[in-house]
Amino acid sequence: MSTIPVKALRTLKIRVLRHNPADPDSTPNMQTFELEEADSMTLFVALNVIREEQDPSLAFDFVCRAGICGSCGMIINGRPGLACRTLTRDLPEDITLAPLPGFELIADLSVNTGKWMRGISERLETWVHAQGLDTVDVDALETPMEPELAQQLYELERCIECGCCIAACGTAQMREDFVGAVGLNQITRFRLDPRDERDDADFYELVGDDVGVFGCMTLLGCEDMCPKDLPLATQIAFLRRRMVAV
Amino acid sequence: MDHKLNRWPARLDLLQSGSGLLLVLFIWGHMFFESSILLGKDAMLWVTKMFEGEHIFGKPYPVLVSAAAAVLLLLIALHALLALRKFPASYRQYQRFNHHLASVRHMDTTLWAVQVITGFLLFFLASAHLLVVLVQPDNIGPYASADRIWSGRFWLVYAPLLLIVHVHAGIGVYRLAMKWGPFSAATSGLWRGRIRLALYCIVAFYLCLGTASLVTYMRIGAEHAPFAGERYMAPTGTEAH
């Protein structure tokens with residue numbers, strides 16, 4: 001070999017669905033940006049480069065840049081994913097970005113997942129229910145928990161509420177009131193928690209209908225497109241079995 | 001709880017899965033019985049007599065076949081009624097699902113769409129098949145069936161029915177396994193792959209078996225076309241079907 005192979009970096013064409021519902025003159029349109037790909041570039045980095053160098057009005061969300069906060073969920077070439085966890089080298093040169101469907105659009109790629117998640121949390125009462133919580137001595141040591149159980153809880157608690165499972169779910173896209181994998185996962189998480197005194201009948205009241213666990217048609221989009229690789233299908237199947245046994 | 005839970009959503013979900021599973025088990029068994037023609041006309045005649053109760057009662061009762069067809073029709077009606085709840089119910093729902101389907105390019109979402117389409121077609125094809133069995137239960141046998149398929153042109157119903165029912169059943173069993181299966185989080189993906197592979201093989205097997213027997217009926221029907229309507233005489237020469 002007389003030459004040293006040099007990795008050729010590409011010119012990316014990033015098409016973004018742009019729209020600002022707060023601006024009466026705004027109409028949805030696709031805008032294409034071109035930029036030079038950098039080594040180990042993530043979509044999050046690419047979007048920041050576009051915003052800094054080409055268009056400061058481009059709206060998208062991010063906080064942690066490490067797949068923990070769940071802010072940068074978007075549709076990447078048709079599928080939901082986190083911009084900060086998506087390397088441009090894994091994508092073709094032409095990249096199309098759109099906001100996550102099923103959530104209130106703030107502008108461009110920014111959606112209000114927080115409002116949706118808050119609504120689901122209130123609807124499904126995803127907090128510990130127990131008698132005498134107001135008299136708990138917060139300075140006292142907590143009752144120990146078996147490490148295996150704590151690990152199980154932690155596994156489900158890893159959900160970052162990014163909204164990808166809702167965007168990946170055909171049922172949630174058709175039926176806006178469906179609680180989705182994120183809601184059902186939360187129910188299994190609190191069902192496991194020994195501090196929560198609710199029983200299966202209480203959980204049935206929350207998800208025992210066609211917009212809850214029985215609305216899930218097992219399309220498995222949530223399982224296959226969860227950026228955190230949560231075992232969502234297993235959790236929903238478990239919850240379904242428990243709920244029919246109530 | 002200080003008030004009674006409404007258990008109907010749970011019951012309906014179980015009924016939809018249960019009725020689907022029963023129908024799949026039936027169709028998989030049915031394939032072996034109808035393909036008895038591959039072992040010869042006498043084997044098929046023996047199976048026909050078995051379902052008419054002749055081996056037990058000493059004489060045939062075709063009404064037993066009608067009764068089975070009626071039960072199956074009711075089971076299909078129940079399954080269809082429950083499954084209809086899941087179909088896109090408005091243009092907006094249809095449009096949103098269609099857009100989602102094209103966007104995500106996801107295997108299991110696509111399989112569900114295939115199941116909706118095949119399920120819809122089965123309303124007509126399965127009903128057509130069962131109605132004939134229901135009202136003409138005595139019109140089953142090596143020549144009777146072959147004449148219906150060839151001279152009566154029922155192969156036009158059975159050929160698409162064969163493909164559609166097995167695709168629908170195969171996807172349905174896969175979905176049932178993923179919907180209810182008690183797999184651990186660690187092995188769920190492994191089982192999913194195994195079940196999918198097993199069902200590809202099962203559907204391929206039944207499609208081959210069904211095609212071979214349908215072609216055999218068509219060949220017998222074509223040869224027997226000049227005498228269409230005449231029944232097959234068993235080797236003893238006493239019974240005709």
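Where a number appears in this text, it was derived from the coordinates with a stated rule and is not lab data. What you see is a predicted model, and the numbers here were worked out from it, not measured in a lab.
Quick notes on this one:
- With 0.36 nm allotted per residue and the present C-alpha distance subtracted, the B:VAL63-B:ILE117 stretch has 16.1 nm of extension available.
- Choice from A:THR113, A:THR86, A:THR135 with maximal GNM fluctuation in chain A (Cα, 10 Å cutoff): A:THR135
- Built amide H within the under 5 Å cut-off of B:TYR61, gap 5+: B:GLY53, B:GLU54
- HN-Hα J in Hz across segment A:88-95 - Karplus 6.51, -1.76, 1.60, θ = phi - 60°, x for Gly and Pro: 5, 5, 8, 10, x, 5, 8, 10
- Rounded, prolate or oblate (a/c below 1.5 giving rounded, otherwise prolate when a/b exceeds b/c) for segment B:21-63 by Cα gyration tensor: oblate
- For A:ILE106, the residues whose modelled amide H falls within less than 5 Å of its own, excluding neighbours fewer than 5 places apart on the same chain, are A:VAL111, A:ASN112.
- For the residues B:ASP108, B:ASP138, B:ASP42, a GNM of chain B with alpha-carbon springs under 10 Å puts the largest fluctuation on B:ASP108.
- Evaluating kT/(6 pi eta Rh) at 20 °C and 1.002 mPa s, with the Kirkwood radius of the protein assembly as shown over Cα pairs in the Stokes-Einstein relation, gives 81 µm² s⁻¹.
- Whole-Å distance, taken between Cα centres, linking segment A:14-36 and segment A:116-181: 34 Å
- Computed over Cα pairs, the Kirkwood radius of chain B leads via Stokes-Einstein (1.567 mPa s, 4 °C) to a diffusion coefficient of 64 µm² per second.
- Computed over the Cα atoms of segment B:133-241, the ratio of the radius of gyration to the Kirkwood radius (Rg/Rh) comes to 1.20.
- Backbone geometry of segment A:147-156 corresponds, through the Karplus equation with coefficients 6.51, -1.76 and 1.60 at θ = phi - 60°, to 3J(HN,Hα) couplings of x, 5, 5, 4, 5, 4, 4, 4, 4, 7 Hz, x marking Gly and Pro.
- Annotation for segment B:133-173 versus segment B:78-103: alpha-carbon center distance of 28 Å.
- For segment B:121-138, putting each phi into the Karplus relation 6.51 cos²θ - 1.76 cosθ + 1.60 with θ = phi - 60° gives couplings of 5, 5, 3, 8, 5, 5, 5, 4, 5, 5, 5, 5, 5, 5, 8, 10, x, 7 Hz, in residue order, rounded to whole numbers and with x for Gly and Pro.
- Between the amide H of A:PHE33 and those of A:ILE14, A:ARG15, A:VAL16, distances stay under 5 Å, these residues lying 5 or more places away or on another chain, with hydrogens modeled in the peptide plane.
- For B:LYS49, a cut-off of 20 angstrom between C-alpha atoms picks up these lysines, skipping any fewer than 8 places away in its own chain: B:LYS41, B:LYS59.
- Choice from B:ILE164, B:ILE195, B:ILE149 with maximal GNM fluctuation in chain B (Cα, 10 Å cutoff): B:ILE195
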